[in-house]
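So the structure is just underneath, and the comments pick up after that.
Read-outs throughout are calculated quantities, based only on the coordinates presented, and are distinct from any laboratory measurement. What you see is a predicted model, and the numbers here were worked out from it, not measured in a lab. So basically every Cβ, Gly included, is an ideal-geometry build from the backbone, and we count neighbours across all protein chains shown.
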Amino acid sequence: MLKVNRAAFISVSAGFRRMFSPRRLSLGLFFPIEAFERDEPSMRDQPRLARRAEELGFAGLWARDVPLRDPSFGDLGQIYDPWVWLGFIAAHTSTIALATGSIVLPLRHPLHTAKASASVDQLTGGRFVLGVASGDRPVEFPAFGVDFDRRDVLFRENLSTIRRALTEEFPRVQSSYGALAGTADLVPKPVSRLPILITGSSRQSFEWIAENADGWITYPRGLARQAELVAKWRAAVEVRSPGAFKPFVQSLYVDLVEEPSEPPRPIHLGFRAGRDFILAFLNELADAGVNHVILNLKYGRRDAAEVLEEIGREVIPRLGEGGRTPPLEAATAR
């Protein structure tokens, strides 16, 4: 009998299909879709901008999980709780994928995370992709009564419980968060097998992530280094999950200037440049095997609506035309 690799069928998810393909690179956006100082976004016009991003061909919209404000980080994401926010945005969109980047698993009960994930997925017709992480803000952990130094163990337990609650009926689960004895079930279940992407290392080994995640979210690097990491990821996936497509995803801060030919200047985890360089850089990432880039407009100087229009009209249609070999030193994120 033919042995079927169930991991290879993750693409039945509508959200996964919208964002990820082994043959192309797609673009997503982090909320808030605007430029802002410190950790004080206005959150104005987000539903309108989300709809326009959908119309222009962006593949996904990503919500952050930042339970508490830590001024030293300078980042509150979209301010609102990610589950409430995704429900709000879901009502204003129809086809674009909705994702978390990323839910801090140790700070949330896994059954709450599983139920919220399945609820968003059902209510959007399978558009949801769950990004998860172990957390990196020490100030939050004591407030929730969670040991910061045990977040690696809690992350693994949490992820296992979520998987089982979403895929099994009346599961039996025992973990640090509690026990299910097979007498209660979590409903709803997702539309199809819910894709779960792990962010960064989450204090796990590279091999463990390749086996247990449906994709990997990482950070921007110089093109040469990122290409090496893509190759390492593909090799690890082939060993741990033979035949499965597990996308390589990265973030990128971009300040798109009005002059198309303006060369790049580094900014935090990205660059300020004209669209010619941005297109070339993205095509180089595609050539390296990156499947999805999540743009963050926080450090931009132009109106976000203008930036969306230019990227949607001038960049997205030309993705896949081949790289233009941008200067590596300029493209290196710092």
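Here are the numbers:
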| quantity | calculated |
| --- | --- |
| Matching residues in the range 183-209 - criterion: being in contact with a strand residue (DSSP E or B) (Cβ under 8 Å, 6 or more places away or on another chain) and farther than 22 Å from P171 by Cβ | L197, T199, G200, S202, Q204, I209 |
| Test: residue in the range 142-159 that is under 23 Å from T218 (Cα atoms), outside any helix (DSSP H, G or I) and charged (D, E, K, R) | no |
| Subset of the range 259-271 that is farther than 15 Å from G222 by Cα and not small (G, A, S) - its residue that is surrounded by the fewest Cβ atoms within 10 Å (Cβ to Cβ) | E259 |
| Hits in the range 144-164 - residues which are more than 22 Å from the chain's Cα centre (by Cα) and in contact (Cβ under 8 Å) with a residue 40 or more places away in the chain | F144, V146, R150 |
| Condition broken by D185, with the remaining ones in (1) within 27 Å of Q122 (Cβ to Cβ); (2) touching a helix residue (DSSP H, G or I) at 6+ places or on another chain (Cβ under 8 Å); (3) among the acidic types (D, E); (4) free of Cβ contacts under 8 Å to residues at least 40 places away in the same chain satisfied | (2) |
| Residue satisfying condition, being more than 19 Å from A133 (Cα to Cα), of a type in the set (A, V, I, L, M), free of Cβ contacts under 8 Å to residues at least 24 places away in the same chain and not in a strand (DSSP E or B), within set A235, A286, A231, A227 | A235 |
| Subset of the range 222-258 (residues that are surrounded by fewer than 17 Cβ atoms within 10 Å (Cβ to Cβ) and either among the aromatic types (F, W, Y) or over 19 Å from the mean Cα position of the chain (by Cα) (or both)) | G222, A224, R225, E228, A231, K232, A235, E238, V239, P242, G243, E258 |
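Residues are listed down the side, and each one gets a yes or a no for (1) assigned to a helix (DSSP H, G or I); (2) in contact (Cβ under 8 Å) with a residue 24 or more places away in the chain; (3) surrounded by fewer than 24 Cβ atoms within 10 Å (Cβ to Cβ):
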position	(1), (2), (3)
P71	no, yes, yes
V84	yes, no, yes
I89	yes, yes, yes
A99	no, yes, no
L111	yes, yes, yes
K115	yes, yes, yes
G125	no, yes, yes
V129	no, yes, no
